[in-house]
Amino acid sequence: MLILTGFIFFGKYFIYRWAGENYGDAYYITLLLICPVTISLIQNLLIEIRRAKNKHQIASIIMFGTAILNCLVTIPFVKLWGAIGAAFATCLSVIINAIIINIYAKKILGIYIGKFWLQILKLFPSIIIPIIVGIIINIYVTFTNLLVFMEFIVIYTILYCISILILGLNKNEKNKIKNIIKRRK
């Protein structure tokens with residue numbers, strides 16, 4: 001989520017600075033690709049569970065099916081919206097794939113995926129403060145040069161990490177971090 005929210009708040013300037021203003025669509029294309037992939041990355045543990053249970057063949061067929069769907073939908077979307085249409089088609093396909101894989105995980109693997117996602121959603125209050133700060137930065141700050149831009153990225157990253165540490169982690173996770181720090185001393 002740090003990468004996703006960071007890109008939401010700082011990606012447009014980064015792309016303008018790096019590639020030029022002619023590549024403004026690249027920001028929206030990247031958002032359309034990053035958002036659904038974030039969901040898929042969160043549930044990557046399902047891949048290992050499927051492998052351990054030797055149930056990855058059906059998941060591969062599901063992914064193949066959504067890849068074909070992506071190809072079929074991309075063509076008309078490109079005609080309508082160009083490169084953004086292609087990214088939108090991929091976005092839809094990845095979301096559909098994630099939904100089907102979640103259903104598969106519950107029905108076939110016996111994993112209570114709803115409980116998993118409830119645990120993930122418990123982290124969201126901890127990113128409210130960084131998101132508010134990111135919005136404020138976008139409204140009130142004009143990045144005049146690369147140094148100012150980098151300073152705000154560092155500020156945002158530190159704030160995000162502190163917020164997750166204080167508000168997002170449970171007691172067990174905080175203790176693990178304390179133990180790692182103690183071992184380093």
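The values are calculated or read from the model by the stated rules, or taken from the named source; none is laboratory data. A quick note: this is a predicted structure, and the numbers were derived from the prediction, not measured. Positions of Cβ are backbone-derived with ideal geometry, glycine not excepted, and every protein chain shown enters the neighbour counts. For accessibility, only protein heavy atoms count, side chains too; no ligands or nucleic acids. Shrake-Rupley method; radii C 1.70, N 1.55, O 1.52, S 1.80 Å.
Observations on the model:
- Zero-based 5 Å bins, Cα pair distances in the range 134-185, whole percents: 4, 17, 18, 17, 13, 10, 10, 9, 2
- Of all accessible heavy-atom area on the range 104-148, the percent that carbon and sulfur account for (1.4 Å): 73
- Taking 19 Å as the straight-line reach from the Cα of K79, the aspartates and glutamates in range (excluding those fewer than 8 positions away in the same chain) are D25.
- Extreme residue, positive dipole direction of the chain, given options L147, Y27, L45 (C-beta unit charges): L45
- Gyration tensor analysis over the Cα atoms of the range 38-93 returns equivalent ellipsoid semi-axes of 29, 13, 4 Å (largest first, whole Å).
- Accessible surface area normalised per residue over the chain is 67 Å², counting heavy atoms of protein chains with a 1.4 Å rolling probe.
- Distance between the pseudo-spin-label points of K79 and E173 (7 Å out from Cα toward the beta carbon): 4.7 nm.
- Bins of 5 Å from zero: percent of alpha-carbon pairs in the range 1-68: 4, 14, 17, 17, 12, 11, 11, 8, 4, 1
- In summary, the lysines within cross-link reach of K178, defined as a Cα separation below 30 angstrom excluding same-chain residues under 8 places away, comprise K115, K122.
- Debye intensity ratio in log₁₀ form over the Cα atoms of the range 30-185, taken at each q of 0.15 Å⁻¹: -1.06
- Think of each Lys and Arg Cβ as +1 and each Asp and Glu Cβ as -1; about the Cα centre, that makes the dipole of the range 18-157 roughly 920 debye.
- The chain, relative contact order [Cα under 8 Å, separation at least 6], %: 23
- Applying a DSSP loop filter and a limit of 15 other Cβ atoms within 10 Å to the trypsin sites (Lys or Arg not before Pro) in the range 32-104 leaves K53, K55.
- At R0 = 22 Å, FRET efficiency that the Cβ-Cβ distance of I100 and T5 yields, to 0.05: 0.25
- Span-like helix check, the chain: qualifying full DSSP H segments, with Cα axial length of 27 Å or more and mean Kyte-Doolittle of 0.0 or more, are 56-81, 83-107.
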